[in-house]
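Written below as structure tokens is the structure these notes are about.
The values are calculated or read from the model by the stated rules, or taken from the named source; none is laboratory data. This is a predicted model, so every value here is computed, not measured. Virtual Cβ from ideal backbone geometry, glycine too; neighbours counted across all protein chains shown.
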Ligand SMILES: [Zn+2]
């Protein structure tokens, strides 16, 4: 009651004031110092950067083993890796640089940001925050462009060698580690800043939206999405369908969950690329990729059920149309794929997708 009386008198006050000088706030506000505002902005940028880093790190942790264990199915689309992410202050986007440097202590030298679980770098004893000093006796680049230059050094070294001698500094101690190079599928899995729940494959890389990263409930669900998108790339779906046409990112998961509806929102490209057969193949090969990385895949069909439930338009009965896979059909197939892979695993067989005879 008191409040409404108060609001009414405020309104009256405003109404009177409008006639003269517009309606301005009438209560006193705190005086804000420039320095405090600048500090707050820095704090918020640090939080935003940290948030993004968590997504990047999570995607790297889950995607690296998938890309490494799928190597024999990626033909010549391979690169050599030690399984570590590096950064220095200049490699961070300008708007975050100051905050990130404060937060991480990153300087001009490249530093280990993350180690893929079980990958050669971790096995050789490299640790997060180690500072890179030299590669095979040559000083590692620092400052602007160091990340790109260092990657080029790795690529060059990998042409002739299977091990790298990496000199690092940890605290005040310098040491040389001998790190093996391993082949991984050269389809980088990257964070897409969009809030929508989706994932993309374009024949060169895989993109997972931040919306999807929030939607997936656990590592398995994320691994299922990555496996599915990677399969679109390794099976050449985009190339087969689009020829050599230049193509941007092709949205996938959402289209798939709607039964590959080529109408309306999803446009023609998704419909053309992700046909019924290609979707079925990405489900099949993708679950092999997921299982190879060590995930228990029993709950994989449930992830697609959750996606379907979020997009009920795609749930159709059998016979909806030859070119439109009905969602129930997809789940029956997924359950069979899970059973096939589990049987192979139990029998100690290599997890390789069955090719058509
Ligand atoms: Zn797909």
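Condition first: without any contact (Cβ under 8 Å) to a residue 60 or more places away in the chain and either closer than 21 Å to residue 79 by Cα or not assigned by TED's automatic domain parsing to the domain that holds residue 310 (or both). Now tell me which residues in segment 207-226 satisfy that.
Selection gives 207 alone.
Within segment 174-192, identify whether any single residue is out of contact with any strand residue (DSSP E or B) (no Cβ under 9 Å at 6 or more places or on another chain), part of a loop (DSSP other than H, G, I, E, B) and within 16 Å of the ligand (Cβ to nearest atom), and answer yes or no.
no
For residue 342, state whether it is within 27 Å of residue 71 (Cα to Cα) and modelled with pLDDT under 80.
no
Taking segment 23-50 only, how many residues are in contact with a helix residue (DSSP H, G or I) (Cβ under 9 Å, 6 or more places away or on another chain) and modelled with pLDDT under 85?
Total meeting the criteria: 2.
Look through segment 150-167, keep the residues that are in contact with a strand residue (DSSP E or B) (Cβ under 6 Å, 6 or more places away or on another chain) and over 30 Å from residue 226 (Cβ atoms), and return whichever of them is surrounded by the fewest Cβ atoms within 10 Å (Cβ to Cβ).
165
Okay, residues lined up against (1) modelled with pLDDT of 55 or more; (2) within 13 Å of the ligand (Cβ to nearest atom); (3) not assigned by TED's automatic domain parsing to the domain that holds residue 73:
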{"site": "205", "(1), (2), (3)": "yes, no, yes"}
{"site": "228", "(1), (2), (3)": "yes, yes, yes"}
{"site": "237", "(1), (2), (3)": "yes, yes, yes"}
{"site": "267", "(1), (2), (3)": "no, no, yes"}
{"site": "280", "(1), (2), (3)": "yes, yes, yes"}
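Hey, among 197, 226, 208, which residue is part of a loop (DSSP other than H, G, I, E, B) and under 21 Å from residue 282 (Cβ atoms)?
197
Any residue that is under 23 Å from residue 186 (Cβ atoms), outside the structural domain of residue 231 (by TED's automatic domain parsing) and in contact with a strand residue (DSSP E or B) (Cβ under 9 Å, 6 or more places away or on another chain) - is there at least one of those in segment 92-105?
no
If residue 244 passes every condition in (1) at pLDDT 80 or above; (2) within 26 Å of residue 71 (Cα to Cα); (3) outside any helix (DSSP H, G or I) but one, which one does it miss?
For residue 244, the exception is condition (1).
I'd like the full set of residues that are in contact (Cβ under 8 Å) with a residue 12 or more places away in the chain and more than 23 Å from residue 175 (Cβ to Cβ), limited to segment 140-164.
Within segment 140-164, 143, 144, 145, 155 qualify.
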